[in-house]
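The values are calculated or read from the model by the stated rules, or taken from the named source; none is laboratory data. Note that the coordinates shown come from a computational prediction; the quantities given were computed from them, not determined experimentally. Positions of Cβ are generated from backbone atoms using ideal geometry, with glycine treated the same way; all protein chains shown enter the neighbour counts.
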Amino acid sequence: MKIRLTSLLVNDQDKALKFYTETLGFVKKTEIPMGEHKWLTVVSAEEQDGVELVLEPISFVPAQVYQKALFEAGIPATAFNVADVEKEYERLTKANVLFSVSPTPMGPVKLVVFNDTCGNNIQLFQVLQRQKD
Amino acid sequence: MTYYQQEMLKIRDKYFPRPYQISKIIQARYFIDTCSADNSSLDDIARNSHLSKFHLIRLFSRCYGRTPHQYLTDVKIAKAKKMLLTGEGVADTCQQLGFESTTTFAGLFKKYTGCSPSVYRQKSNFEEPVFYIYSELYTHKK
């Protein structure tokens, strides 16, 4: 058994695809029409053979309730690893992305949380490295 | 401040080591990342980080959720995978990464990757694309 996919509920698949590719920089991997919705996955541009993120439609009402509760509490639906969280914070702020948590050290990582415009808070984290001598 | 941020800060203050200790643990991790090609021991890692072995294990585990030894093994296996894929022999890889014996190396490698070093060395990276029909679960209407 292997982990090849992870799923994120989004309230608008087209809007999500635009945000995750054009703003965050992911790459579309698969798109299969399925009536009103589609099977839609994106991957990291730096790891295109890596785990796929499924941008999952959310017509199911209990799932909407769950997503809304998480969002209102500021709880991230998922987290992505970056090399430099400050740099991403600066880049995404310029792209008008709204952050609920600015760069904050948390033990051996530094993190931020932003609004993905599709109903989710997303966390970015950087594993801190030794300061250069 | 969101509920999440409040909880996050509480957890940080309660469970993570102090900043000066964290910088020592980051140093220990860096030492493991860069020195795993020799026979680095826990003593070496602790000495390099100016921590006792006991403190090193305790603080490292609190920061990364792995003991220094487990992390060292992770790093060695990742390096072994790279070396094997670039054509390095199993015995040479084992020796360069400081494993006790090829038997120990092969056993650990299989545990981490699911196949023996020699099979891994030969295998192609190609895997069939996989997807599952899950969206159907979310297509219900009000």
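Worth a mention:
- Screening B:Lys76 against (1) surrounded by 15 or more Cβ atoms within 10 Å (Cβ to Cβ); (2) at the interface with chain A (Cβ under 9 Å from one of its Cβ atoms); (3) more than 18 Å from A:Gln129 (Cα to Cα); (4) basic (Lys, Arg) leaves a single unmet condition, (2).
For every residue, the table says whether it meets (1) in a helix (DSSP H, G or I); (2) within 9 Å of chain A (Cβ to nearest Cβ); (3) touching a residue at least 24 places away in the same chain (Cβ under 8 Å).
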| position | (1), (2), (3) |
| --- | --- |
| B:Gln21 | yes, no, yes |
| B:Arg29 | yes, yes, yes |
| B:Asp44 | yes, no, no |
| B:Arg58 | yes, no, no |
| B:Arg62 | yes, yes, yes |
| B:Gln70 | yes, no, no |
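- In segment A:87-133, of all residues being outside any loop (DSSP other than H, G, I, E, B) and of a type in the set (Lys, Arg), the one that is surrounded by the most Cβ atoms within 10 Å (Cβ to Cβ) corresponds to A:Lys110.
- Number of residues in segment A:1-50 that are within 12 Å of chain B (Cβ to nearest Cβ), exposed (fewer than 13 other Cβ atoms within 10 Å of the Cβ) and in a strand (DSSP E or B): the value is 3.
- Among residues of segment B:1-17, those that are surrounded by fewer than 16 Cβ atoms within 10 Å (Cβ to Cβ), aliphatic (A, V, I, L, M) and within 28 Å of the chain's Cα centre (by Cα), counted: 2
- Residue in segment A:58-68 that is without any contact (Cβ under 8 Å) to a residue 24 or more places away in the chain, part of a loop (DSSP other than H, G, I, E, B) and on the phi > 0 side of the Ramachandran plot present: no
- Residues that are among the aliphatic types (A, V, I, L, M), assigned to a helix (DSSP H, G or I), modelled with pLDDT of 95 or more and surrounded by 20 or more Cβ atoms within 10 Å (Cβ to Cβ) do occur in segment A:74-86, at least one of them.
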